[in-house]
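Notes for the one structure printed next.
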Amino acid sequence: MWLEVAWLNPLLAPLQYAFMQRSLAVAVMVGIICSVVGSYLMVQRLALLGDAISHSVLPGLAIAFLLGVNIFIGAFIAGVISTVIISWIHTRSPIKEDAAMGLVFSAFFALGITLITTIQRDNKIDLNHFLFGNILGVTPADVRDTAIIAALVLLTVALLYKELLFYSFDPLGAQASGLPVGWLNAGLMVLIALTVVASMKVVGVILVLSLLIAPGATAYLLVPRLHQVMAVGSGVGVLASVSGMYLSYYLNWPSGPAIVLVVSMLFALAFLFSPTHGVLTGPGSRVGHYLRTWLRRQ
Amino acid sequence: MAPLAKITVDHLSVRYREVQALRNINLTLRPGKLIGIFGPNGAGKSTLIKAMLGLMPVTTGQVTYGARPLAQQLEQVAYVPQRSQIDWTFPATVWDVVMMGRVKKTGWLHRFSTVSRRLAQQALGRVGMLEFRDRPIGALSGGQQQRVFLARALAQEATVFCFDEPFVGVDQKTEAVLFQIFRELAAAGKIVMVINHDLGESITNFDQLVLLNQELIAAGPREWVLTRDHMTRAYGGHIGFFGHVA
């Protein structure tokens with residue numbers, strides 16, 4: 001019985017270490033919430049906003065560290081402030097939203113880098129870990145905080161699913177039916193900020209956008225309904241973040257880039273081979289036509 | 001809401017930054033009639049409906065439905081936006097879209113009831129789209145998509161219906177279905193407003209017309225609104241169509 005699973009050893013052996021168990025737990029949770037929340041970003045064409053919020057959390061993180069407050073809280077506050085400033089610039093001036101995002105997130109990011117570079121001279125804090133992720137350096141407190149955030153995010157999405165679906169598909173129609181779309185939008189921003197904060201340790205703020213967008217985008221090529229996109233996307237996200245963790249363990253790669261490479265490859269597979277939208281296998285493609293006739297003959 | 005309440009638009013003005021979009025609109029919309037809102041591009045037709053529903057800020061004026069502001073009774077309103085406002089690649093099926101019409105009535109934290117499902121099913125049947133219920137919304141033709149949105153509006157059990165350019169990009173069959181149901185709704189005592197810009201044959205389907213060009217040019221029975229003078233004021237001197245003009 002034991003011998004039969006010998007091939008699993010490379011996967012199971014590292015898990016005898018407590019730090020690897022913590023990494024696995026965080027990788028699974030982050031893979032799920034990034035995919036669920038990222039699905040909203042994708043369908044609302046708000047990918048750039050995900051990027052903006054993720055870059056904007058840095059100064060909050062640095063200031064919280066200086067004040068001795070939980071860095072998750074500082075990062076979350078900075079992320080929310082950045083979205084408020086973006087929409088303030090966008091509504092109170094002729095500046096378009098994408099330009100407002102570019103302005104705000106680069107300013108926040110610059111401030112964050114400056115603060116952290118200054119702090120890290122005297123303290124044990126490594127800028128690179130926040131930029132590119134350090135999944136193997138997850139502490140028990142990180143696991144607890146990530147679990148709280150993941151529970152909050154998933155519960156909110158589950159409870160507000162029908163309202164958020166209506167709002168993200170047809171905001172005007174939702175508003176005209178009497179839904180408080182301003183609050184729904186604010187709620188989505190908070191979900192995004194929470195998710196980014198929870199993912200900092202795993203992928204880092206620069207690459208978190210990939211884990212937000214790619215799982216949903218991959219699933220979107222495979223299944224037709226939003227809750228299915230979220231479910232399949234979660235599978236893709238978990239697969240990517242867990243593989244990234246092992247690549248990081250065995251090859252000493254930074255965890256963020258490792259995860260992003262895996263998830264990008266999964267997207268590429270769906271892009272080429274999806275039965276419904278695949279470039280090579282979708283309806284209307286020559287390869288797809290041959291494949292289908294061949295399968296029918298079997 | 002009393003079944004025969006009317007909508008009163010009182011001194012409504014809207015401006016975006018520097019542009020005056022609507023100027024001092026006064027209007028009464030009664031149930032039982034099919035109301036067409038007409039005017040050239042940029043006349044403020046969509047703005048009028050959005051401002052009436054409180055979807056955009058107004059500079060001055062009130063819109064009441066019965067005794068209270070219309071914007072406070074949106075649960076009575078079914079609104080179908082222009083096709084161009086919708087992302088048709090969104091991952092949702094026909095059924096998902098029709099059920100959106102039941103979200104507000106269902107309420108927070110509740111699941112859709114059997115009644116809601118039955119209403120959605122009936123609405124889809126009424127527009128002839130029941131067999132498409134599991135299709136992705138993006139896999140339909142423009143006319144089919146518009147019928148699904150009509151089904152969503154029907155499932156809402158509203159008393160006020162607003163359609164923004166529902167005939168753009170739809171086939172003949174859909175146009176017939178839409179007019180048929182619009183007339184049935186009006187006959188059932190609903191207030192039915194339809195924004196249109198086609199001055200062709202289909203204009204004869206409307207009982208009442210609202211002719212708009214930033215200000216109200218004319219409103220009332222079709223024969224009364226469609227005069228040469230009104231049309232020239234709305235469309236300038238460049239209008240070629242006068243077939244139905246008295």
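The residues of the protein assembly as shown have, on average, 45 Å² of accessible surface per residue, using a 1.4 Å probe with all protein chains present. Based on every Cα atom in chain A, Rg and the maximum pairwise Cα distance Dmax equal 20.5, 70 Å. FRET efficiency for the pair A:Ala99 and A:Ala47, taken as 1/(1 + (r/R0)^6) with r the Cβ-Cβ distance and R0 = 22 Å, rounds to 0.90.
The dipole here belongs to chain A: it is taken about the Cα centre, uses +1 on the Cβ of Lys and Arg and -1 on the Cβ of Asp and Glu, and is about 640 debye.
Over chain B, the Kirkwood radius and the radius of gyration, each from Cα atoms, give a ratio Rg/Rh of 0.97.
I'd like to know which of A:Met29, A:Phe65, A:Pro10 lies farthest towards the positive end of the charge dipole of segment A:1-120, counting +1 on Cβ of Lys and Arg and -1 on Cβ of Asp and Glu. Final value for the positive-end residue is A:Phe65. Using a simple spin-label model with pseudo-atoms 7 Å out from Cα toward Cβ, B:Glu201 and A:Thr91 lie 4.8 nm apart. For the chain pair A and B, buried accessible area totals roughly 2700 Å², probe 1.4 Å, rounded to the nearest 100. Tell me the relative contact order for chain A as a rounded percent, counting alpha carbon contacts under 8 Å between residues six or more apart. That works out to 26 percent.
Residues of chain A were split at every exposed loop site, defined as trypsin sites (Lys or Arg not before Pro) in a DSSP loop with at most 10 other C-beta atoms within 10 angstrom, and the longest piece left, sites excluded, is A:125-298.
Place a +1 charge on the Cβ of each Lys and Arg in the protein assembly as shown and a -1 charge on the Cβ of each Asp and Glu, then give the dipole magnitude about the Cα centre in debye, rounded to the nearest 20.
Working: 41 positive and 29 negative charges, 168 e Å.
In debye, rounded to 20, the protein assembly as shown gives about 800.
When Lys and Arg each count +1 and Asp and Glu each count -1, what net charge do the other residues less than 13 Å away from B:Ala234, Cβ to Cβ, add up to? That sum, taken over residues with Cβ under 13 Å, equals +1.
The Rg/Rh ratio of the protein assembly as shown, with both radii computed over alpha carbons and Rh defined as the Kirkwood radius, is 1.05.
For chain B, the relative contact order is 28 percent, taking Cα pairs closer than 8 Å that sit 6 or more residues apart in sequence and dividing their mean separation by the residue count. Here's the list of lysines a cross-link from B:Lys105 could span, going by alpha-carbon distance under 29 Å and ignoring same-chain residues fewer than 8 apart: A:Lys162, B:Lys6, B:Lys33, B:Lys45, B:Lys50, B:Lys190.
The local environment of B:Asp171, defined by Cβ-Cβ distances under 15 Å, has a net charge of +1 under the rule Lys, Arg +1 and Asp, Glu -1.
With r defined as the distance between the Cβ atoms of A:Trp294 and A:Met265 and R0 fixed at 35 Å, what FRET efficiency is calculated, to the nearest 0.05? Could you put the intermediate results ahead of the total?
On the way: r = 26 Å, r/R0 = 0.74.
According to the calculation, E is roughly 0.85.
If you roll a 1.4 Å probe over segment A:17-297 with all protein chains in place, what percent of the accessible area is carbon or sulfur? Mind showing how you got there, number by number?
Numbers: 8660 of 12100 Å².
Percent of accessible area from carbon and sulfur atoms in segment A:17-297: 72.
Below 14 angstrom from the Cβ of B:Leu4, what's the summed charge of the other residues (Lys, Arg +1; Asp, Glu -1)?
Details: positive: B:Lys6, B:Arg30, B:Lys33, B:Lys190; negative: none.
Value of the local net charge: +4.
Sparse packing (at most 14 other Cβ atoms within 10 Å of the Cβ) combined with a DSSP loop state is found for the following trypsin sites (Lys or Arg not before Pro) in segment B:1-80: B:Lys6, B:Arg17.
Could you work out what % of the accessible surface of segment B:76-165 is carbon and sulfur, using a 1.4 angstrom probe and leaving DNA, RNA and ligands out of the count? Display every interim value, and only then the final one.
Details: 1630 of 3430 Å².
In segment B:76-165, the share of accessible area belonging to carbon and sulfur is 47 percent.
Of all DSSP bridge pairs formed entirely within the protein assembly as shown, close to 55 percent run antiparallel.
Stick to the Cα atoms of segment B:65-129, pair each with every other, and give me the Kirkwood hydrodynamic radius in Å at one decimal.
Details: mean 1/r = 0.0721 Å⁻¹.
Hydrodynamic radius (Kirkwood, Cα pairs) of segment B:65-129 is 13.9 Å.
Counting only complete DSSP H runs, which helices of chain A cover 15 Å or more along their long axis at the Cα atoms and score a mean Kyte-Doolittle of 0.5 or above? Counting only whole DSSP H runs, the qualifying helices are A:18-43, A:47-67, A:71-92, A:97-120, A:140-159, A:181-203, A:208-220, A:226-251, A:255-273. Here the label points at A:Gln228 and B:Thr106, each 7 Å from Cα along the C-beta direction, are separated by 1.8 nm in the simple model. Between the residues B:Leu154, B:Thr8, B:Leu119, the greatest Cα displacement towards the positive end of the dipole of chain B, with unit charges on the Cβ of Lys, Arg, Asp and Glu, is found for B:Leu119. Residues of segment A:169-186 buried by at least 40 Å² of accessible area upon assembly of all protein chains, compared with the chain on its own (1.4 Å probe): A:Phe169, A:Asp170, A:Leu172, A:Gln175, A:Ala176, A:Ser177.
The values are calculated or read from the model by the stated rules, or taken from the named source; none is laboratory data. Everything quoted here is computed from the prediction, not taken from an experiment. Ideal geometry is used to build each Cβ from the backbone, glycine not excepted, and the neighbour counts take in all protein chains shown. Side chains included, ligands, DNA and RNA excluded: accessible areas come from the protein's heavy atoms. Shrake-Rupley method; radii C 1.70, N 1.55, O 1.52, S 1.80 Å.
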